[in-house]
Amino acid sequence: MAGEFDGRVAIVTGGGSGIARATARLLGAGGALVALFDVDEGAGTRCQAELQAAGVDAAFFRCNVTSWADVMAQTEAVLGRFGQVDVLVNVVGGSDGVAGTGPAWTWEMSEENWDGMLALNLKSAFLCCRAVLPHMVQRRSGSIVNTSSGRGFTPAPERAHYSAAKAGVMALTRTMAAEVAPYRIRVNAVAPGVTATERARNTFTEQGWREFTSKLPLGKAGEPEDLAQAIVFLASPRAGHITGQLIHVNGGTFMP
Ligand SMILES: NC(=O)c1ccc[n+]([C@@H]2O[C@H](COP(=O)([O-])OP(=O)(O)OC[C@H]3O[C@@H](n4cnc5c(N)ncnc54)[C@H](O)[C@@H]3O)[C@@H](O)[C@H]2O)c1
């Protein structure tokens with residue numbers, strides 16, 4: 001909604017593409033000042049330029065969110081540039097096609113694959129929360145949205161590491177929500193189903209994607225904007241009495 005984030009500063013991790021990029025756009029349209037954390041400099045600067053062209057005060061910070069040193073340094077840089085952090089949206093993650101973190105049967109999975117997947121999907125969210133929470137606690141205000149997955153709640157063969165990480169994101173979300181509620185900070189999560197980001201689409205052929213998505217309950221995959229709508233709602237004052245909760249945005253694929 002126009003203006004609901006006026007003067008608020010939001011960090012969006014993975015902001016260079018996919019769901020995070022759509023979220024950054026929507027936060028910016030709502031008046032937020034947007035800080036994009038991404039390892040991909042090209043994607044990050046493109047998104048920054050796109051936001052700025054739309055009149056949003058946006059800045060890209062090159063940040064590997066699996067590294068504490070990077071996350072701390074870049075959070076400090078955001079505070080230096082914008083003065084405060086009101087919203088943190090942790091989107092970085094993924095399963096197939098992300099370097100070093102491919103699918104594997106559990107009995108064949110390497111330690112490196114397991115560690116990489118947990119770092120990308122779970123540790124990254126912890127580190128970013130760890131970096132912004134002292135600031136939010138001090139200000140007694142803030143809202144965090146994490147990204148889980150339907151695969152954290154159903155069996156995901158060849159992706160035990162991803163499933164465990166995404167279930168872990170929800171456990172982290174609930175526990176942090178309980179810890180920081182006395183400081184009027186809310187922590188929630190979304191669980192995407194199949195979403196038509198470039199990365200997800202690239203794991204299929206054109207025809208394979210059409211066939212697969214046409215069989216989903218609503219006859220289509222989610223769009224990044226569908227996820228962004230849920231994330232921005234949870235981050236906004238409209239969700240002011242919602243904390244420790246998860247919204248599945250999956251077109252009916254999985255109904256807990
Ligand atoms: N797309 C789907 O179908 C789907 C389904 C379920 C869950 N999800 C979850 O939604 C989230 C976003 O998915 P997406 O498809 O939009 O992803 P994406 O691959 O399109 O975007 C991820 C972004 O994160 C950045 N990134 C990767 N590693 C990073 C790191 N270490 N530090 C900083 N930035 C890094 C990438 O450069 C990229 O810009 C993920 O957590 C994913 O697990 C997606």
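The values are calculated or read from the model by the stated rules, or taken from the named source; none is laboratory data. Note that the structure is predicted; figures quoted are calculated from it, not measured. In this analysis, Cβ positions are derived from the backbone assuming ideal geometry, glycine residues included, and neighbour counts consider all displayed protein chains.
Can you pull out the residues in segment 1-17 that are under 14 Å from the mean Cα position of the chain (by Cα) and surrounded by 23 or more Cβ atoms within 10 Å (Cβ to Cβ)?
If the condition is that a residue be under 14 Å from the mean Cα position of the chain (by Cα) and surrounded by 23 or more Cβ atoms within 10 Å (Cβ to Cβ), then ALA10, ILE11, VAL12, THR13, GLY14, GLY15, GLY16 are the ones that fit.
Go through segment 169-180 and give me each residue that's surrounded by fewer than 22 Cβ atoms within 10 Å (Cβ to Cβ) and either touching a Ser or Thr at 6+ places or on another chain (Cβ under 9 Å) or in contact (Cβ under 8 Å) with a residue 60 or more places away in the chain (or both).
Within segment 169-180, MET170, ARG174, ALA177, ALA178, VAL180 qualify.
Which residues, counting only those in segment 210-248, are within 22 Å of THR175 (Cα to Cα) and among the aliphatic types (A, V, I, L, M)?
Listed by number, the residues that qualify are ALA230, ILE231, VAL232, LEU234, ALA235, ALA239, ILE242, LEU246, ILE247.
Among the residues of segment 65-98, write down those that are touching a strand residue (DSSP E or B) at 6+ places or on another chain (Cβ under 8 Å) and either at pLDDT below 95 or at positive phi (or both).
GLY83, GLY93
Which number in (1) surrounded by fewer than 19 Cβ atoms within 10 Å (Cβ to Cβ); (2) aliphatic (A, V, I, L, M); (3) modelled with pLDDT under 95 marks the one condition that ALA200 misses?
Failing condition for ALA200: (1).
For ASN146, only one of the following conditions fails: (1) under 30 Å from ILE242 (Cα atoms); (2) within 13 Å of the ligand (Cβ to nearest atom); (3) in a helix (DSSP H, G or I). What is its number?
(3)
Within segment 190-207, take every residue that is more than 14 Å from the ligand (Cβ to nearest atom) and not in a loop (DSSP other than H, G, I, E, B) and give me the one that is farthest from the chain's Cα centre (by Cα).
Going through the qualifying residues, I end up with GLN207.
Please specify each residue of segment 46-60 satisfying the condition of being within 14 Å of the ligand (Cβ to nearest atom) and out of contact with any Gly (no Cβ under 8 Å at 6 or more places or on another chain).
Across segment 46-60, the qualifying residues are GLN48, GLU50.
Do you know which residues across segment 46-60 are crowded, with 22+ Cβ neighbours inside 10 Å and assigned to a strand (DSSP E or B)?
Listed by number, the residues that qualify are ALA58, PHE60.
Which one of VAL232, VAL187 is over 27 Å from TRP105 (Cβ atoms), more than 12 Å from the ligand (Cβ to nearest atom), assigned to a strand (DSSP E or B) and of a type in the set (A, V, I, L, M, F, W, C)?
VAL187
Condition test on ALA35, is it aliphatic (A, V, I, L, M), modelled with pLDDT of 95 or more and outside any helix (DSSP H, G or I)?
yes
Any residue at all in segment 123-145 that's of a type in the set (Ser, Thr, Tyr) and within 16 Å of the chain's Cα centre (by Cα)?
yes
Being of a type in the set (Ser, Thr, Tyr), modelled with pLDDT of 95 or more and buried (at least 19 other Cβ atoms within 10 Å of the Cβ) narrows it down to one residue among THR195, THR205; which is it?
Within the list THR195, THR205, the selection yields THR195.
Hey, among ARG238, ARG151, which residue is basic (Lys, Arg), within 11 Å of the ligand (Cβ to nearest atom), assigned to a helix (DSSP H, G or I) and within 23 Å of ALA20 (Cα to Cα)?
Unique residue meeting the criteria: ARG151.
Only one of (1) modelled with pLDDT of 95 or more; (2) touching a Gly at 6+ places or on another chain (Cβ under 6 Å) fails for THR101. Which number is that?
(1)
Restricted to segment 74-114, and to residues that are within 16 Å of the ligand (Cβ to nearest atom), among the small types (Gly, Ala, Ser) and surrounded by 15 or more Cβ atoms within 10 Å (Cβ to Cβ), which residue is farthest from PRO134 (Cα to Cα)?
GLY102
Can you tell me which residues in segment 27-45 are surrounded by fewer than 21 Cβ atoms within 10 Å (Cβ to Cβ), within 14 Å of the ligand (Cβ to nearest atom) and not β-branched (Val, Ile, Thr)?
Answer for segment 27-45, where residues must be surrounded by fewer than 21 Cβ atoms within 10 Å (Cβ to Cβ), within 14 Å of the ligand (Cβ to nearest atom) and not β-branched (Val, Ile, Thr): ASP40, GLU41, GLY42, ALA43.
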